[in-house]
1. Run the numbers for THR189 and THR75: contour at 0.36 nm per residue of separation, minus the present Cα-Cα distance, in nm.
2. Cross-link candidates for LYS162: which lysines have Cα within less than 19 Å, leaving aside residues fewer than 8 places away along the same chain?
3. Run the numbers for GLU345 and LYS51: contour at 0.36 nm per residue of separation, minus the present Cα-Cα distance, in nm.
4. With label points built 7 Å along Cα→Cβ from the Cα atoms of ASN231 and ASP441, find their separation and express it in nm.
5. Indicate, rounded to the nearest 5 percent, the antiparallel portion of the DSSP beta bridges found entirely in the chain.
6. Once the Cβ-Cβ distance between HIS216 and LYS7 is put in as r, and R0 is 30 Å, what FRET efficiency do you end up with, to the nearest 0.05?
7. Per DSSP helix of 4 or more residues, -39500 (n - 2.57); summed, then divided by the residues of the chain. What does that give at 222 nm, rounded to the nearest 500?
8. Rank the residues LEU226, LEU244 as a footprinting-exposure proxy: fewest other Cβ atoms within 10 Å of their Cβ go first.
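All of the numbers you see were taken from the coordinates with simple rules; none came from a lab. Computed from a predicted structure; not experimentally measured. Positions of Cβ are backbone-derived with ideal geometry, glycine not excepted, and every protein chain shown enters the neighbour counts.
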Amino acid sequence: MITGELKSKIDAVWNDFWSGGISNPLEVMEQLTYLLFIKGLDEQQTLAERKANRTSQPIENPIFPEREFKPDDATIGRPYGDLRWDRFRHLPAQDMYDLVDKYVFPFMQERAANSSHAKHMKGARLTIPTPALLLKAVDGLDGIPMEDRDTKGDVYEYMLSKIASAGQNGQFRTPRHIIQLMVEMTAPTPSDIICDPASGTCGFLVAASEYIRHEHPTALTDAASLRHFQNDMFNGYDFDNTMLRIGSMNMQLHGVQNPNISYKDSLAQEHAGDIEAYSLVLANPPFAGSLDYESTAKDLLQVVKTKKTELLFLALFLRLLKPGGRAAVIVPDGVLFGSSKAHKELRRILVEDQKLDGIVSLPSGVFKPYAGVSTAILFFTKTNSGGTDNVWFYDLQADGYSLDDKRTPLLDTDKLAVNATITDDEHTKNNLPDALARWNDRDGSETDRARTDQSFCVPKADIAANDYDLSINRYKEIVYDEIEYAAPTEILDELATLETEIQQGIEDLKVMLG
């Protein structure tokens with residue numbers, strides 16, 4: 001959790017960009033990511049130097065070797081040491097700008113093959129328009145303490161929260177507390193291989209990594225588990241290079257050194273190398289639009305023939321999961337009750353061929369101000385042999401924030417957490433802890449709940465009888481308050497008395513008017 005003072009420093013850096021002429025929040029985030037990357041390289045070199053001094057051993061593969069760096073289009077070279085953050089931050093504005101533009105950014109591209117994150121620096125370009133703005137940005141970032149992993153991650157998450165406009169192709173940032181709910185409900189383990197095929201800023205993968213650290217701390221003390229955590233556990237795909245840079249930096253600052261964050265159009269490319277490769281899928285895929293059959297991966301069309309992206313992504317998740325693998329994914333409400341052949345077939349597959357575990361209906365304001373679309377979270381397990389007995393439904397009515405464009409917190413920060421302890425009155429403002437608690441008991445007392453409750457279970461037979469309709473309103477029962485009415489003769493007597501009183505009032509008024 002970052003302090004108000006730290007937020008003010010980040011706000012100041014952000015405001016400098018806006019006043020300096022960069023108004024696109026994604027471009028601001030991208031430029032800050034570049035600067036944080038080069039700052040991080042300097043920090044890595046410093047740690048290596050300290051280790052070398054302690055051990056009296058030379059640095060293996062130094063980031064900044066003791067020789068000159070000369071970009072292809074430069075007439076003269078500069079010592080690698082000049083490209084270090086701690087050196088150029090002391091330069092006058094114009095000198096710093098020339099060095100960063102002509103040498104530091106080409107140097108980042110030279111390192112593009114050296115790590116999972118560095119490869120996304122390929123094509124990095126300085127778009128900060130003036131030396132004065134670059135100086136402000138460097139000074140601002142230098143004044144933000146980022147020594148430990150928790151602070152680095154929180155600072156970057158706060159920066160990401162300032163992206164206040166939707167991306168392209170239906171992208172928008174999933175609220176962090178909704179991500180945390182999905183992660184808590186799927187409970188990642190140290191042996192999981194996790195994938196988000198529409199990774200964006202990698203919020204789901206970051207939250208899963210933090211869950212592992214918190215719930216399974218001893219797993220990271222074992223060499224083999226740590227290797228798995230740092231290299232193989234986290235996999236994300238996107239076809240937006242800006243998002244890949246931002247997402248991979250987000251993972252790095254949260255302490256995952258070499259995740260597989262790669263460029264891929266998940267719906268257009270074949271998935272031969274990824275079929276049944278993952279044990280957990282966490283995703284909020286873009287669901288605005290349709291694709292041509294010609295541009296859609298043929299292996300997805302084998303699952304369900306459709307042009308709808310939201311259905312194609314569900315087909316993709318089924319392809320990616322190993323048998324026994326589980327998924328928590330956000331879908332628009334239309335997936336739950338759409339009447340097309342493809343909609344019904346995909347729902348039938350989830351219910352009959354796989355194991356549909358649960359559905360959490362989200363209030364329509366959850367994604368404001370980006371979108372007002374009604375959505376739900378689907379939880380399912382890939383079995384290829386059925387297994388659905390009951391489907392657990394939860395009607396989430398409040399997520400701790402106002403459901404208007406402002407999304408104002410309705411409770412204190414400690415009461416907004418997914419696992420917070422809250423009172424009955426606070427529950428009316430934040431249903432997340434209750435949803436998590438009931439989910440964990442879905443095979444116990446939840447099966448006995450009436451359909452008038454906020455959560456309940458529905459047998460598979462009932463769902464099949466309703467054409468596999470998965471909308472909660474199809475099964476939820478509403479109790480209306482009983483109102484006692486007077487007997488008809490009493491009502492007629494009251495009406496007669498009222499009529500007499502009205503007539504008398506008219507006569508009295510005539511007398512008063514003469």
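1. 35.7 nm
2. Of all the lysines, those that pass the test against LYS162 - Cα under 19 Å, at least 8 places apart if same chain - are LYS7, LYS9, LYS136, LYS152, LYS368, LYS406.
3. In short, 99.9 nm is gained.
4. Distance between the two pseudo-spin positions: 4.4 nm.
5. 55
6. E between HIS216 and LYS7, to the nearest 0.05, is 0.45.
7. It lands at -12500 deg cm²/dmol.
8. LEU226, LEU244
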